[in-house]
Amino acid sequence: MPAVQETVERVRRIDVDQYRYGFETQIESDKAPKGLSEDTVRFISAKKNEPAWMLEWRLEAYRRWLTMTEPTWARVDYPKIDYQDIYYYAAPKPKKTLSSIDEIDPEILKTYEKLGIPLREVAILEGVEPPPGGPQTPNRKIAVDAVFDSVSVATTFQKELKAAGVIFMPISEAIREHPELVQKYLGTVVPTSDNYFATLNSAVFSDGSFVYVPPGVRCPMELSTYFRINERNTGQFERTLIIADKGSYVSYLEGCTAPQRDENQLHAAVVELVTLDDAEIKYSTVQNWYPGNSEGKGGIYNFVTKRGDCRGRNSKISWTQVETGSAITWKYPSCILRGDNSSGEFYSIAISNGFQQVDSGTKMIHLGKNTSSRIISKGIAAGKSQNTYRGLVSAHRKATGARNYTACDSLLIGDKCGAHTVPYVEAKNSSATFEHEATTSKISEDVLFYCIQRGLSQEEAVGLVVNGFVKDVLQQLPMEFAVEAQKLISISLEGSVG
Amino acid sequence: MNVVAKTETGRALGDAFAVVRDRLPGKGKIADQRREAFEAYERLGLPHRRIEDWKYTDLRALMREVLPLAPAPDAAALARAAAAIKLRAIDGVRRLVLVDGAFAPDLSDLGNLDKGLSIRPLRDVLDAGDNALSVQAIATDVSNPMLALNGAMATDGVVIDIANGTVLTQPLHIVHVASGTAPASMFTRSLLRLGRDAGVTLVESYLAGEGAKAYQTHDGLIVAIGDNARLDHVRLVEDSIDAFNISSATVSLGAHAHFNTFGLTSGGHVSRYQLTVTCAGEGSKVETNGVNLINGKQHADTTLFMDHAVPHCASREIFRAVVDDRAHSVFQGRIIVRPDAQKTDAKMMTRALLLSDDAEADNKPELEIFADDVTCGHGATTGALDESLLFYMRARGLPEKEAQALLIQAFVGEAIETIASDALREVAIATAQRWLKARA
């Protein structure tokens, strides 16, 4: 079924030319010399004042990286990246040591204000009414770690989190202040040798967020990191490590934008999540890197490794992603379901337009007993874009009672784009029950029938079901994102293609 | 990463090709084609798991080497083949027999050919010199290493032509028999050209004569279905339990043509069937169905490539795998809808039933869609037999194996039912029942 006019219009409105975060902030910055060598790695490590073990770890990764080759299996096509033509470290030049938020460079504050990210705690605490028509300020508390190019510029609500025992700080600080935790968990989910981009990240990562939630603690507020690439010719390599100790819960949000430029910039992040017994992590992303212009020029190469390890019994990791940006997305947030009764979830909405290329999906690796996973993926391709879902569901020999449900639907708008589905379903255990489907009509016939019976059209009903499904997650996002994401999701889902 | 170090066996095969090259039928252009195909194979070597299409079927680990060419069958081999054929004879068909990679006219029915039907051994066609037909018969997609090898080494096969408007009531049955007592490879290739408005049923089966051991069958089938023509195709793999069967079929359909194919694999140690179907004419219709019934340490791989190149075509795939013991079933199904192929209607359903804790089933249904006005979908499930159904039957006095057999029959039934001919459906059911009986 071809898309209806309304849908086409809606998508046009979110077309790449409409990118709203393309401005550039004029700010002096401190950069590492261009190119990559052991010296660059040492430079970054020294800048961050890191202990010797961390430098060793980085160097080992760098040496390993030299022996690796760039992966080519994904359905993406881009000119060869010159790794010597990138700045691996760029930081806003510090004026002096900061003691309060007021001392942060006003240009940076302005940048985040423009992006709708509140770095001032007061404003949020007092629940200041947003100016009419202006961006909405959420009236809930969200602790934000703002990463500007290679460094974290501000982390809000530190005190309140500390009272709850939650550690939320830039990873560079955590390396210095909580080395025992970092050493215990860093690289245990995504080892330094994992893949080309993760290894590169291990060698040169500059900052990112570190979260530790102690046993039995339900994190009192949402945690959020906002990534902004500003500097020209730089790569952003952030590293996030989140540990939810026994019986704890944390919800984490991630957002990203970049200026509009003709060049392609590399973003190679690594995210590691660890849940111990009965713990839960909910990780949400609204990825809105600059996707390039309507001719396909410029944009971010988003080559990200995200993986969660459900290490404990009854633990849970849930990934939610709304992917709208980046020239190229290469990203597979995964769950290793190691603990018995653990569960993994992956909810994704990937929208591609212009010349964007998306190759994204997930991996659910069932290792423990009675593990379950659920994958809901919606791909929408428009313009001349290529949108691929690539997912693996596997049950190992000992994963008795593994259960998976996968539904991935794609919508094509226009005849110049492509939507592809590449699922891998591997069962090595007879008690594994895997279901993979790719037709919208099969999303709970009962619910659809109920809606249609009450006067909704088939399409409205499907929209309602899908919206209802992702709504809980959307509401957790910062308002600015949620509104945007909602707009994207409200695109009707008729004309479905597996 | 297609970096391939040349293996010991690769070199041995290269030498073997140099030796047999001059004895292979066809000169001139054909010989050039063979050389190119062999070079293409040599560049890649035996496919391994780092090559995406062969991810689950690593021939370097499973097969290790390609055996030398089987010698032409002697009288004893032909007698063993005749005995094997008799055991699996299908009534009412015109039999065409290939023994150890050579056409066996004495075992084949070539008398009273219907009007509009022509059957020739491939060797004769190739020996007759260069012409469009021989070039077509040996033509090879060199990007697939095993298909390339087949093109390079093919010794014989059958070339079947069915004239425009000829509808044959008697099915044609190509029987591949391995009869040599020493392990060897057979390379066969057959060509079927179905004219406009023509119709035929083609059965292919793979058998082993008594004493045939650890042989390798490398078969290729090329089919061109003319406008408005219909081909019904049934394929039965009953190779011996230590044999290898690496086969490919390339089918193209003209406008409003209809292709119905069913494959059942119960034999062979390692088998791989690569089926490429191209809808080249508008309004064509394809039904592809298959069943794998495997146990022990068997490995059976069905790799389907459904290419919708033009608008208004429909395809349906139903695939069922029943996997017992330590067997490994693989299904890879790729549907591609080309940019102009609007109004394509494609559906694929693959289901695997695991009967033991050591069994493995890998499903990879893929969709590649470049047109927006299409209806495409796929589904894949993996699971065990329903405990409550088993209990229901056992509570009513059925022994466990029998109850399982009933459920398995129902499970594969959906695929088997798609066979158009009643007689051939019975043959497939009988084959499935033999497997179930052996299990009990």
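Where a number appears in this text, it was derived from the coordinates with a stated rule and is not lab data. Predicted, not measured: the structure shown is a model, and the values here were computed from it. Backbone-built Cβ (ideal geometry, glycine too); neighbour counts: all protein chains shown.
Give me a single rounded figure for A:396-405: the average over its residues of other chain Cβ atoms within 10 Å of their Cβ. If you can, show how the numbers build up before the last one.
Working: counts 0, 3, 1, 0, 1, 0, 1, 1, 2, 0.
Partner-chain Cβ atoms within 10 Å, mean over residues of A:396-405: 1.
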Report the residues of region B:348-372 in range of a label on residue B:49: point 7 Å along Cα→C-beta, backbone N strictly under 19 Å from it. B:358-365
Under a point spin-label approximation (7 Å from Cα along Cα-to-Cβ), what is the residue A:34-residue B:343 distance to one decimal in nm? 5.6 nm
Which of A:426, A:56 has the fewest Cβ neighbours within 10 Å, and the rest in rising order: A:56, A:426
Whole percent per 5 Å bin, from 0 to the bin with the longest distance: what is P(r) over all C-alpha pairs of region B:160-276? 3, 11, 23, 21, 15, 12, 8, 5, 2, 0
So for R0 = 35 Å, FRET eff. of residue B:135-residue B:407 from the Cβ-Cβ r, to 0.05, ends up at 0.10
Quick one: plug the Kirkwood hydrodynamic radius of region B:2-385 (C-alpha pairs) into Stokes-Einstein at 10 °C, 1.306 mPa s, and report D in µm²/s. 76 µm²/s
What does the charge dipole of region B:210-313 about its Cα centre add up to, to the nearest 20 debye, if the Cβ of each Lys and Arg holds +1 and the Cβ of each Asp and Glu holds -1? 120 debye
List the pairs from B:55/B:297; A:398/B:347; A:306/B:55; A:48/A:363; B:55/B:347 whose alpha-carbon separation is above 28 Å, in the order I gave them. A:398/B:347; A:48/A:363
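If packing is taken as the average count of other Cβ atoms within 10 Å, what order do A:332-344, A:42-54 fall into, highest mean first?
Answer by packing, highest mean first, reads A:332-344, A:42-54.
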Number of partner chain Cβ atoms within 10 Å, mean per residue of B:356-366: 6
Return the distance in nm (one decimal) between the two label points of a simple spin-label model at residue A:159 and residue B:64, each offset 7 Å from Cα along Cα→Cβ. 7.3 nm
Net charge dipole size for chain B [Lys, Arg +1 and Asp, Glu -1 on Cβ; Debye, nearest 20]: 480 debye
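Evaluate peptide B:381-388: per residue, the Cβ atoms of other protein chains within 10 Å of its Cβ; return the mean as an integer. Mind showing how you got there, number by number?
Numbers: counts 8, 15, 8, 6, 1, 0, 1, 0.
The shielding value for this peptide is 5.
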What is the distance, in nm, between label points placed 7 Å from the Cα along the Cα-to-Cβ direction at residue B:35 and at residue A:176? 7.1 nm
